[in-house]
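Presented below is the structure to which this report refers.
The values are calculated or read from the model by the stated rules, or taken from the named source; none is laboratory data. From a predicted model like this one, the values you see are computed outputs, not experimental measurements. Every residue, glycine among them, receives a Cβ derived from its backbone with ideal geometry; neighbour counts consider all protein chains shown. Surface accessibility is based on the protein's heavy atoms, side chains included, excluding ligands, DNA and RNA. Shrake-Rupley method; radii C 1.70, N 1.55, O 1.52, S 1.80 Å.
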Amino acid sequence: MPRPVRCRRVGLSPACMYFKPAGIPVRHLRERVVSMDELEALRLADLEGIYHEQAADRMGVSRRTFGRIIESARRKVADALIHGMALRIEGGVVQMADQRTFRCGDCTHEWHVPFGTGRPAECPQCHGQNFHRAAEERGQGRRRGNRANERG
Ligand SMILES: [Zn+2]
């Protein structure tokens, strides 16, 4: 198992996953792969003009990590533009903001399901059917419900 990586929160779903210079067949192109979290960093810092500190907070990473992500993103995009390379957008370690959270009543396992896929058939951990939709994340970043507050 690879070491566990903290999920980075991403609030976008890009309109296009592949960019290439016009008129050049793909097989003649080199490409740079930009991860979703790198793209999100570009969006927050360069498109929305948000300070790194706030942007890091939105993505649920440290400021230092954010600095690394944005630096890597900018280098790849610049490289592609200057050297006429293709850009491919790929997953990375992200947690899409717009997904549904389910919680198992038997084993308390929580998991995420993207919108557009059906209701899960069973809890992926204990295979039980006793699960329900958990409260939505508000998109506000780090707030987590207090577990002591559960009804019952
Ligand atoms: Zn379960």
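Structure notes:
- Per-atom-type breakdown for segment 8-95 gives carbon and sulfur 54% of the accessible area (1.4 Å probe, protein chains only).
- Here the gap between A22 and R75, fully extended at 0.36 nm per residue and compared with their Cα-Cα distance, gives a gain of 17.0 nm.
- Ordering 118-124, 30-36 by mean Cβ neighbour count within 10 Å, with the highest value first, yields 30-36, 118-124.
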